[in-house]
Amino acid sequence: MRFAIGVVCVFAVGLVGCQPAAPPTAAPAAVPQPTPPPADPLSLAEAFAQGRNEFDATLRFLQAADPTLDDADLIRAANAAAFDDPDRTPLEGGLLLTRADERAVVAYPNGRGLVLFDDGAPPVQLTRWALDVIAVQAVWLPDEAGISYVTLRADGGTTIHYILAARSGSGWEVRWHSDDNPDWWFNARDARIAVAPDLSRLIVTGQATNTTNTFAESFSDVTRDFTLLWERDEDSRYQPALTASAFASRQEWLWRVAEPSAYTTLVEFIERLRLSEVEEAAGFTADPSVLEDALDFGLALPERQFIVTAATETRIEFRDTRGAFVATFITPRRSGGPWLLTGVRPLGAQ
């Protein structure tokens, strides 16, 4: 396996924070110091020099890498070569990579982004900035690659990202990046992605918060998961196959794309009661008495907003300023069907 060694000039973009500050100029304390002029953009290349030894070591490693190593063994070997520290693991700040034949995608630590390497072609930067990458994988076609990667958020959660790269002339270029599409962020939180083998579709399942007024989700760890299908168009851009504009309301769209769960059922059940869609709400119950109890307890009153205080797979406790309740559920009767409510009662009631 051979990789062309070349300088990725754009690698330095986004690394301003890595550039060492100039030493202060000696002056009497009473004399105010002038504001230094902005750094010359060309000097940003100096920031990359700090990681150049690591970058060169990785290139040399890729040239000599054993083609029989799988990605996990390759990552361990690459970090040992790049950092000269066999005990360093990717999650501790090392590089990550995925490889197929003569091509590889490398995720560098400290926000230096993702780079695609191909034998005989110059390296191409896929992202200018990718902080705390903890996983990267790719679906390879002869002239295209679908690269997904996961970043760690400050709150400990994760975010999923996707890049479509394609050959262009003697090298590669980025055709589409999920981060540039505002719709991507809807359910990219703690998400998983399935990439079609021909790169024609993406299926993303992840969390979206504050999608209902019935529950104050910012005060709870319980949320709904949503699944969106992204389809590739003739311009090699991915678009959601089903958008809120196709429905009478955003609420109806959320019902459609929500993944079945006990909490998903509870949210839609109460929301439909508040819209006086009693027949539709009844479809989420295992017994007619559940509907009657929910109405008697005032769950349909639009001014009430609840907080989930405890939850298991088949039981949810929730409350507001007027009372606390427990809802119980059974698993779906059919694949993809809703969880069904078996009871709603005040917390502590027999």
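The values are calculated or read from the model by the stated rules, or taken from the named source; none is laboratory data. Bear in mind the structure is a predicted one, so any value in this text is a computation, not a measurement. Please note: Cβ atoms are built from the backbone with ideal geometry, for glycine as well, and neighbour counts cover all protein chains shown.
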Yes or no: the stretch 239-247 includes at least one residue that is in contact with a helix residue (DSSP H, G or I) (Cβ under 6 Å, 6 or more places away or on another chain), part of a loop (DSSP other than H, G, I, E, B), surrounded by fewer than 17 Cβ atoms within 10 Å (Cβ to Cβ) and not hydroxyl-bearing (Ser, Thr, Tyr). yes
Options 291, 299; residue that is within 20 Å of residue 260 (Cα to Cα), more than 32 Å from the chain's Cα centre (by Cα) and surrounded by 15 or more Cβ atoms within 10 Å (Cβ to Cβ): 291
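Condition check ((1) in contact with a Leu (Cβ under 8 Å, 6 or more places away or on another chain); (2) of a type in the set (Gly, Ala, Ser); (3) over 22 Å from residue 333 (Cβ atoms)) across all residues:
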position	(1), (2), (3)
209	no, no, yes
213	no, no, yes
217	no, no, yes
228	yes, no, yes
238	yes, no, yes
251	no, no, yes
268	no, no, no
301	no, no, yes
307	no, no, yes
In the stretch 156-173, which residues are among the aliphatic types (A, V, I, L, M) and surrounded by 18 or more Cβ atoms within 10 Å (Cβ to Cβ)? 160, 163, 164, 165
Of (1) under 13 Å from the mean Cα position of the chain (by Cα); (2) more than 30 Å from residue 269 (Cα to Cα); (3) without any contact (Cβ under 8 Å) to a residue 60 or more places away in the chain; (4) surrounded by 14 or more Cβ atoms within 10 Å (Cβ to Cβ), residue 153 fails just (4)
Looking at (1) surrounded by fewer than 18 Cβ atoms within 10 Å (Cβ to Cβ); (2) free of Cβ contacts under 8 Å to residues at least 60 places away in the same chain, which one does residue 285 not meet, given that it meets all the others? (1)
Could you tell me whether any residue of the stretch 83-97 is out of contact with any Ser or Thr (no Cβ under 9 Å at 6 or more places or on another chain), modelled with pLDDT of 65 or more and crowded, with 19+ Cβ neighbours inside 10 Å? yes
Residues of the stretch 189-203 satisfying the condition of being within 15 Å of residue 147 (Cβ to Cβ) and surrounded by 18 or more Cβ atoms within 10 Å (Cβ to Cβ): 193, 195, 199, 202
Here the residues within the stretch 208-238 that are assigned to a strand (DSSP E or B) and surrounded by fewer than 19 Cβ atoms within 10 Å (Cβ to Cβ) are 227, 229, 231
Those residues of the stretch 312-346 which are surrounded by 14 or more Cβ atoms within 10 Å (Cβ to Cβ) and outside any strand (DSSP E or B) amount to 332, 338, 339
Test each condition in (1) among the small types (Gly, Ala, Ser); (2) touching a residue at least 24 places away in the same chain (Cβ under 8 Å); (3) closer than 30 Å to residue 195 by Cβ for residue 245 and report the one that comes out false. (2)
Select, from 136, 222, the only residue that is touching a Ser or Thr at 6+ places or on another chain (Cβ under 6 Å) and not charged (D, E, K, R). 136
Give 123, 142, 109 a once-over and let me know the one that is modelled with pLDDT under 85, more than 24 Å from the chain's Cα centre (by Cα) and outside any helix (DSSP H, G or I). 123
Condition test on residue 225, is it out of contact with any Asp or Glu (no Cβ under 8 Å at 6 or more places or on another chain) and of a type outside the set (Gly, Ala, Ser)? no
Got a sec? Which of 281, 294 is of a type in the set (Gly, Ala, Ser), farther than 28 Å from residue 227 by Cα and modelled with pLDDT of 95 or more? 294
What number of residues within the stretch 157-188 satisfy the criterion of being among the small types (Gly, Ala, Ser), touching a residue at least 12 places away in the same chain (Cβ under 8 Å) and either under 14 Å from residue 146 (Cβ atoms) or assigned to a strand (DSSP E or B) (or both)? 4
